[in-house]
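Working notes, beginning with the structure itself.
The values are calculated or read from the model by the stated rules, or taken from the named source; none is laboratory data. Keep in mind that this is a model prediction, so the values were computed, not measured. Because the Cβ atoms are built from the backbone with ideal geometry, glycine has one as well, and the counts that use them run over all protein chains shown. SASA here: full protein model, heavy atoms, side chains in, ligands and nucleic acids out. Shrake-Rupley method; radii C 1.70, N 1.55, O 1.52, S 1.80 Å.
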Amino acid sequence: MGTMVRNDDGLVRVGILGCGNVGTALVRLLDHNADLITRRSGVRIEVTRVAVQNLTKERAVAFGPGVLTNDGERVVTDPDVDVIVEMIGGVEPARSLILAALKSGKPVVTANKELLANFGEELFEVAATAGVDLLFEASVAGGIPLIRPLRESLVGERIRRVTGIVNGTTNYVLTRMTEERCTFAAAVAEAQQLGYAEPDPTADIDGFDAASKAAIIASIAFGARVVAGDVSREGIRAVTADDIGAAAELGYVVKLLAVTEEHDGAVSARVYPAMVPAAHPLASVSGSYNAVFIEGEAVGQLMLLGRGAGGGPTASALLGDLIDAAKNLHSGARGATVGTLARRRILPIDETSSQFYFSLDAADRPGVLAAIAGVTGQHGVSIQSMQQKGQGDDARLIFVTHLAREDAMAATIRTLRELDAVKRMGTVLRVVGGEE
Ligand SMILES: NC(=O)c1ccc[n+]([C@@H]2O[C@H](COP(=O)([O-])OP(=O)(O)OC[C@H]3O[C@@H](n4cnc5c(N)ncnc54)[C@H](OP(=O)(O)O)[C@@H]3O)[C@@H](O)[C@H]2O)c1
């Protein structure tokens, strides 16, 4: 069992691991909201130890003598620390430090998606064995309360699907491409200038960050073991201003989506750019905002919207968890547990279905449409709509299919490429939020 704090005045002492963007915002918030926190929760939170990497770095927040250290283990093992907040990021040393804290009966609050998406199961099991809280609201969609609603409010709900815009950088880039019809490279450069994109934007642009979040969402929503490597991933590099323009003409907006679903006991998790109908709630989520659209059997459709990153929003989520852990520690209670994650079949993306948009440049001559229809028909893909843009050598055909399996669509595209009449195949995008 976790140690129970018996101080009568409600004091709970916090050890912080990592004090960068998020850590600094949390320390400030704890200070600024100290009275409000005590009034509302009955606990008093004091930061007694803070680990950073570089002790000589100038800090935007000041600490008393002896608080700062560059040795995370000293924070975790300090008898004057009751709760740990981990904001270092990455796998090591965060993983070892969190495991050590949990094993010694100290609750842990973390913002670390990369760690949870790869080692979540191990951490949940150790927390359960030790009987202490492991809380991670901040790890998905920053300031948006999502993990607690999934674990508590919706714990009895049969969730069918969770579709999220969970990466602010890519949503910003796609929004700028939509509004300005600028190129992908120009939009990324602008995002970097404004601090929305890292100097190396790979983790965001290629969907790695969203895939980590999809793994965590699927684990919690479906109680299944899903790790980052189980998530099929496609980023936004191949999306062009032309695709976005064509999507707009057809009444769609292009978004990078994390889609997690349950199908007959199997779980599917995938990240890809997709066309969303303009009337869908996710279509209006623009700039660096995040949103998560939940579909449940009894609850119906539910959307949570807010800031998915940034010091303040992320610190807000961490603070809620920290107060929860502190209250539980004080009363000897425990928060909601994740429970055992079931081994479920991870549905390969080939076996999933969606609608598709695809375009091709074709010779404008009799019989071409019939040849194309022959190919789609041969693979069991049926066409919902077709448009022709331009004439003669400039003719481009734009198709939206009905629901089709990924493998059938891939085979269709392969066969279309071989047709004499097809001069060039354009981008293929899924259409999400249209047909069920
Ligand atoms: N930034 C966001 O908007 C955001 C949103 C959601 C979740 N998160 C997550 O929050 C976590 C922190 O992000 P951040 O943006 O605050 O990162 P950051 O600014 O890079 O801060 C990382 C902190 O960890 C410290 N650190 C690094 N290695 C350490 C070690 N071995 N021992 C002790 N301390 C160490 C660094 O020390 P120095 O200060 O000495 O360099 C720094 O204070 C990550 O897991 C991230 O994924 C961030």
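So, with +1 on the Cβ of K and R and -1 on the Cβ of D and E, and no other charges, what is the size of the charge dipole of the chain about its Cα centre, to the nearest 20 debye?
About 420 debye.
With a Förster radius of 41 Å, plug the Cβ-Cβ distance of R40 and T202 into 1/(1 + (r/R0)^6) and report the FRET value to the nearest 0.05.
Plugging the Cβ-Cβ distance into 1/(1 + (r/R0)^6) gives 0.50.
Subtracting the Cα-Cα distance from 0.36 nm times the residue separation, let me have the gained length for E351 to D78 in nm, one decimal.
Taking E351 through D78 to full extension adds about 93.2 nm, to one decimal.
Using R₀ = 25 Å, calculate the FRET efficiency as 1/(1 + (r/R₀)^6) where r is the Cβ-Cβ separation of Q53 and L11; round to 0.05.
Result of the calculation: an efficiency of 0.30.
Over the chain, average the accessible area per residue using a 1.4 Å probe and give it in Å², no decimals.
Averaged over the residues of the chain, the accessible area is 43 Å².
Quick one: what do you get for the chain if you divide its Cα Rg by 2.2 N^0.38 Å?
Working it through for the chain, the quotient is 1.10.
Which one, T314, L360, L347, is farthest towards the positive end of the dipole of the stretch 287-367 when Lys and Arg carry +1 and Asp and Glu -1 on their Cβ?
Of the options given, the answer is T314.
Could you give the length gained by full extension between S153 and A363, i.e. 0.36 nm per residue of separation minus their alpha carbon distance, to one decimal place?
70.0 nm
Quick check for you: which residues of the stretch 116-144 have the amide N under 16 Å from the point 7 Å beyond the Cα of A333 toward its beta carbon?
Zone members listed by number: 132-134.
What do you get when you divide the Cα radius of gyration of the stretch 223-324 by 2.2 N^0.38 Å, with N the number of residues?
So the Cα radius of gyration is 1.26 times the expected 2.2 N^0.38 Å.
Find the all-direction average of the projected area of the Cα convex hull for the stretch 1-110, expressing the result in square nanometres with one decimal place.
Reported value for the Cα convex hull: 7.0 nm².
For the ranges 362-374, 142-154, 409-421, 384-396, what's the packing order if you count other beta-carbon atoms within 10 Å of each residue, average per peptide, and put the highest first?
Order by mean packing, descending: 142-154, 409-421, 362-374, 384-396.
Check R345: other-chain or 5+ apart residues with amide H under 5 Å from its amide H, H built from backbone geometry?
Amide H to amide H, under 5 Å and 5 or more residues apart or across chains, R345 pairs with V267.
Report the equivalent ellipsoid semi-axes for the stretch 55-120 in whole Å, largest first, defined as the square roots of five times the eigenvalues of the gyration tensor built from alpha carbon atoms.
21, 16, 10
Per the helix-only calculation at 222 nm, which mean residue ellipticity applies to the chain, given -39500 (n - 2.57) for every DSSP H run of n ≥ 4 and division by its residues, nearest 500 deg cm²/dmol?
Calculated mean residue ellipticity at 222 nm is -10500 deg cm²/dmol.
Going by a ≥ b ≥ c, the root eigenvalues of the Cα gyration tensor, does the stretch 8-49 fall in the rounded group (a/c under 1.5), the prolate group (a/b larger than b/c) or the oblate group?
Oblate, because a/c is 1.5 or more while a/b does not exceed b/c.
Under the rule of at least 5 residues apart or a separate chain, name every residue whose amide H is placed under 5 Å from the amide H of R233.
Hits under the 5 Å cutoff: V271.
What's the magnitude of the charge dipole for the stretch 1-122 around its Cα centre, counting Lys and Arg as +1 and Asp and Glu as -1 at the beta-carbon? Answer in Debye, nearest 20.
200
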